[in-house]
Amino acid sequence: MSSRLLRLFAGLVLFGVSLALMVRADLGLGPWDVFHQGVAQRIGLSIGLVVNLTAIVVLLLWIPLRQRPGIGTVANVVVVGLVTDGTLWLLPDLDALAPRIALLIAGILANAVATGLYVGAGLGPGPRDGLMTGLAARGHSIRLVRTLIELTVLVIGWLLGGSVGFGTIAYALAIGPLVGVFLPRLTVAPRIAPNGETA
């Protein structure tokens, strides 16, 4: 369990860092983060706080879906937004394009590694992932559910002033294949107990 917890928290911290890197790149964010940024700008809160508040609201949507949160789910609600705000406080704004592109690339790569770590720890999905899988469990295509959710938050976030651009397209094209590379390598294999059950 200690190894899985370490992977979980390393992944959540890296996820928060990756979001901050993409915010500072200012070239466009992933769909959920366009939404977070748009809401943050409208109501005057930090993006990290909006990330955490959104996670709580999404978690409430699990109730009718009968989804059960794990340790990782609860930790996700707390850690990601705090780390995002802390990293943004440390990172200066950049004007030159080259370092912004470098931050974007680093952010997308870090996001994929982070996803591999916290999902691979097997201690519960993030609130947004759980919403997607919960809806898919009702008999809907998981690809269709994910697409509709992400398009919805992207459009709402863009209308609220969130950053949509080259980075949004790059994230959409790259994140799936990158997670496909990192997730199998970072997933903790379940231990087999003497009674034959997985632990």
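Annotations
- Chain lengthening between residue 98 and residue 26 when straightened (0.36 nm per residue, less Cα-Cα): 24.7 nm
- In this simple spin-label model, placing a label point 7 Å from the Cα along the Cα-to-Cβ direction at both residue 159 and residue 136 gives a separation of 2.7 nm.
- Exposure rank, largest accessible area first [32, 62, 158, 89; 1.4 Å]: 89, 158, 32, 62
- Gaussian network model of the chain, springs between alpha carbon atoms under 10 Å - residue of 177, 127, 64 with greatest fluctuation: 64
- Backbone geometry of region 94-108 corresponds, through the Karplus equation with coefficients 6.51, -1.76 and 1.60 at θ = phi - 60°, to 3J(HN,Hα) couplings of 10, 9, 5, 6, 4, x, 5, 5, 4, 5, 4, 4, 4, x, 5 Hz, x marking Gly and Pro.
- Remark: spin-label model distance residue 166-residue 109 equals 1.8 nm, labels positioned 7 Å along the Cα→Cβ axis.
- Extension gain for residue 60-residue 74 works out to 3.8 nm (0.36 nm per residue, less the C-alpha to C-alpha distance).
- Between 85, 33, 93, the GNM of the chain built on Cα springs shorter than 10 angstrom shows 93 fluctuating the most.
- Table column - 3J(HN,Hα) (Hz), region 123-140, Karplus curve with 6.51, -1.76, 1.60, x for Gly and Pro: 10, x, x, x, x, 5, 5, x, 4, 4, 5, x, 5, 5, 5, 7, x, 9
- Global form of region 1-114, assessed from the alpha-carbon gyration tensor, a/c cut-off 1.5: oblate
- Over all projection directions, the Cα-based convex hull of the chain averages an area of 11.8 nm².
- Three-way shape label, region 107-177, alpha-carbon gyration tensor, a/c 1.5: oblate
- Taking θ as phi - 60° and the Karplus parameters 6.51, -1.76 and 1.60, the scalar couplings of region 64-81 work out to x, 8, 6, 8, 10, x, x, 4, x, 5, 5, 4, 4, 4, 8, 7, 4, x Hz in sequence order, x denoting glycine and proline.
- Per atom type, the chain shows carbon and sulfur on 70% of its accessible surface, probed at 1.4 Å.
- Positive minus negative residues near residue 115 (Lys, Arg vs Asp, Glu; Cβ under 13 Å): +2
- Per residue, region 1-92 exposes 48 Å² of accessible surface when a 1.4 Å probe is rolled over the protein heavy atoms with every protein chain present.
The values are calculated or read from the model by the stated rules, or taken from the named source; none is laboratory data. In this text the structure is predicted, and so the values were computed from the model without any measurement. Here the Cβ is made from the backbone with ideal geometry for all residues, glycine too, and neighbour counts use every protein chain on show. Areas reflect the complete protein model, heavy atoms only, side chains present, ligands, DNA and RNA absent. Shrake-Rupley method; radii C 1.70, N 1.55, O 1.52, S 1.80 Å.
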